[in-house]
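Accompanying notes for the structure given below.
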Amino acid sequence: QFTTRVVSCRAAELRPEGGGEPVRGFQVVLEDTILFPEGGGQPDDRGLIGDVPVLRVTRRGSEAVHFVPAALEPGAEVLLSLDWERRFDHMQQHSGQHLVSAIAEQMFGFKTTSWELGRQRSVIELDTPSVTAEQVEALEKSVNEKIRDRVPVTVRELAADDPEVETVRSRGLPDDHVGPVRVVDIKGIDSNLCCGTHVSNLSDLQVIKLLGVEKGKKNKTNLVFLAGNRVLKSIEQSHSTEKALTSLLKNGPGEHVEAVKRLQSSVKLLQKNNLNLLRDIAVLIAQDFKNKPAPKQLFVLHRKEGDSEFMNIIANEIGTEETLLFLTVGDEKEAGLFLLAGPVEAVENLGPRVAELLGGKGAGKRGRFQGKAAKMSRRGEVQALLQEFISHQNPGA
C-alpha cells in the first residue's frame, strides 16, 4: 500500500482487452504510484485507489495513467493498494525471461529479439531458425542451477548519457523516454536495460520449466516457458487431468496413451460400420418405396441418425423424374439437414421456400436442393406446401 494524492481526473473510455463495447470511466494521474504501467513486454498492474478498482494502467510520457470506473477529487489524499498476487507473478515471469535470455545467449549465441508475458504462459522470441530438444534441455538445466545458487538481482539507475549504458544489453529506449535509465543486474550473469518489475533474488523464481519451442517469424524460434507459481499451477492442472483419465480409462497414467489409441481405433471402426449400415438402410428404404404397387408423387422421410450421403442415396435409388422427395435428418426439435429432390423445375421453385420455412439455408442444382435447417419442427408445414403444390400440378391426384 502507498499513500499519495490525486493530481488530475478526466472522463475517458476504455476498450476491454477481449473486445466489446467501451467502458466509461476516468483517467486519473497521481503524484506517484506503485502500480506498474504497461511496458517492456510486461502487462500492467491492478489494484485499488481507496475502494475504487484500477482497471488499466498505461504510460503517457513520464506519467502513469490509471483508468477507474468512478471519479476521484483532484487534490484528495488516497490510499493506493496493489494486487500483489498479479504483481509477484509478473515479477517471476519477467526475471525468468531475463535469466533464460541471458543463458541462451551465453550457451548458444541465441539473442532475444522480443518476448511476451501471457496470461497462461510466456514466450521468448529467439533470433535463430531452430532450437534442438537437447539445447532446450541443457538450457533448462542451467537456468535452474542459477536459481538454486540464490543469485542476487539488483536495480540501479544511470544517466541516459552515461557511457556504461552502451555496455548494457538493450533492445532500445522508447521514443518518448525521459530521465535516467534503469538497469536490472543479475549478478555475474546479466545486465539489462529494463523498466519492469523483478524479484530481488533468483531463488524467488522457485523453478523454471521450458515447455518447448514453436516456429516463429522468419528465421525466428519462439521458446515457451513457465516460471515460479505458474509451474506449480500447471502441475496441479496436469495432475487433476491425470486423475480424471485414470478414473475414466480404468488404468494407470503410464497406460493412458495406449488406452486412448485403442479407443480411437474402436471409434473409427464403429463409425465405418455405422456408415455402411446407414447406406444399406437407405437402399432398403428406397427399394421398399419403389416396390409399392402405386408409387406416390410425394415421398417424405425423417430420420434422427443420418447425413447428406444417406439422403442422397435414397434420392438416387428412387429416381426423381416423377417423384418429389423431402428428406430430413437430425433432432426433430432442433437443427438438422434437409434435401428436396425431384423434377428440376419444381425443385427450383420450391427449394428456397422450403429452406425459409425450416429457418435454414441451402443451394441446389439439377433437381437437388439441400442445406441446413434450424427449425426442424416445421417439417409438417413443408409437407403441406409440397402436397398443395402437387395438387395444383395434378388436380385429379
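Among the residues of region 257-275, some residue qualifies, meaning at least one is open to solvent by less than 100 Å² (accessible area, probe 1.4 Å) and within 19 Å of L339 (Cβ to Cβ).
When only residues in region 349-392 that are part of a strand (DSSP E or B) and among the hydrophobic types (A, V, I, L, M, F, W, C) count, which is nearest to I318 (Cα to Cα)? Spell out the reasoning first.
To start, the set of residues in region 349-392 that are part of a strand (DSSP E or B) comprises 361-365, 368-373.
Restricting the remaining residues to those that are among the hydrophobic types (A, V, I, L, M, F, W, C) gives 363, 369, 373.
Details: A363: 21, F369: 16, A373: 23 Å.
That would be F369.
Answer yes or no as to whether L99 is open to solvent by less than 50 Å² (accessible area, probe 1.4 Å) and in contact with a Gly (Cβ under 7 Å, 6 or more places away or on another chain). Spell out the reasoning first.
Details: open to solvent by less than 50 Å² (accessible area, probe 1.4 Å): yes; in contact with a Gly (Cβ under 7 Å, 6 or more places away or on another chain): no.
Taking the combined requirement at face value, the residue does not satisfy it.
Counting the residues of region 302-336 that are out of contact with any Ser or Thr (no Cβ under 6 Å at 6 or more places or on another chain) and open to solvent by 40 Å² or more (accessible area, probe 1.4 Å) gives 14.
None of D204, D280, D288 is assigned to a helix (DSSP H, G or I) and assigned by the TED database to the domain that holds V143 except D204.
Only one residue in R148, R169, R182 is open to solvent by 80 Å² or more (accessible area, probe 1.4 Å) and within 20 Å of M91 (Cβ to Cβ), so which one is that? Spell out how you get there, then give the answer.
Details: R169 fails: open to solvent by 80 Å² or more (accessible area, probe 1.4 Å); R182 fails: open to solvent by 80 Å² or more (accessible area, probe 1.4 Å).
Of R148, R169, R182, the one residue that is open to solvent by 80 Å² or more (accessible area, probe 1.4 Å) and within 20 Å of M91 (Cβ to Cβ) is R148.
Give the residues of region 185-200 that are in a loop (DSSP other than H, G, I, E, B) and either exposed (fewer than 13 other Cβ atoms within 10 Å of the Cβ) or of a type in the set (D, E, K, R) (or both), sorted by residue number. Before you say what the answer is, go through the steps one by one.
Of all residues in region 185-200, those in a loop (DSSP other than H, G, I, E, B) come to 187-189, 194-200.
Selection gives K187, G188, S200.
When region 41-82 is limited to residues that are surrounded by 15 or more Cβ atoms within 10 Å (Cβ to Cβ) and among the polar types (S, T, N, Q), the one that is farthest from R119 (Cα to Cα) turns out to be S81. Checked against (1) closer than 28 Å to L277 by Cβ; (2) part of a loop (DSSP other than H, G, I, E, B); (3) not small (G, A, S), P293 passes all but a single condition, namely (1).
Evaluate region 230-239: report whether one residue or more is part of a strand (DSSP E or B), of a type in the set (A, V, I, L, M) and in the same structural domain as G118 (by the TED database). Spell out the reasoning first.
Our first condition is that a residue be part of a strand (DSSP E or B); within region 230-239, this holds for none.
There is no residue in region 230-239 that is part of a strand (DSSP E or B), of a type in the set (A, V, I, L, M) and in the same structural domain as G118 (by the TED database).
Does E242 satisfy the criteria of being under 27 Å from the mean Cα position of the chain (by Cα), of a type outside the set (S, T, Y) and in the same structural domain as K146 (by the TED database)? No; evaluated as a whole, the condition is false for this residue. When A70, A64, A102 are checked against the criterion of being in a loop (DSSP other than H, G, I, E, B), more than 26 Å from the chain's Cα centre (by Cα) and not basic (K, R), A70 stands alone in meeting it.
Just a yes or no: is a residue in region 147-157 without any contact (Cβ under 8 Å) to a residue 40 or more places away in the chain, within 30 Å of V29 (Cα to Cα), in a strand (DSSP E or B) and not aliphatic (A, V, I, L, M)? Full working, then the answer.
Within region 147-157, the subset without any contact (Cβ under 8 Å) to a residue 40 or more places away in the chain is 156-157.
Those left that are additionally within 30 Å of V29 (Cα to Cα): 156-157.
This time we only want the ones that are in a strand (DSSP E or B), so: 156-157.
Pick out the ones that are also not aliphatic (A, V, I, L, M) and you get 156-157.
Within region 147-157, one or more residues are without any contact (Cβ under 8 Å) to a residue 40 or more places away in the chain, within 30 Å of V29 (Cα to Cα), in a strand (DSSP E or B) and not aliphatic (A, V, I, L, M).
All of E125, E164 fail the test of being open to solvent by 50 Å² or more (accessible area, probe 1.4 Å), acidic (D, E) and not assigned by the TED database to the domain that holds D44, apart from E164. Residue check: A384 meets all listed conditions (1) farther than 22 Å from F310 by Cα; (2) of a type outside the set (F, W, Y); (3) modelled with pLDDT of 90 or more; (4) in contact with a strand residue (DSSP E or B) (Cβ under 9 Å, 6 or more places away or on another chain) but one, namely (4).
The values are calculated or read from the model by the stated rules, or taken from the named source; none is laboratory data. Only a predicted model underlies this, so the values are computations on that prediction, with no experimental measurement involved. Cβ coordinates were reconstructed from backbone atoms using ideal geometry, including for glycine residues, and neighbour counts include every protein chain displayed. The accessibility values were calculated without ligands, DNA or RNA, using every heavy atom of the protein model including side chains. Shrake-Rupley method; radii C 1.70, N 1.55, O 1.52, S 1.80 Å.
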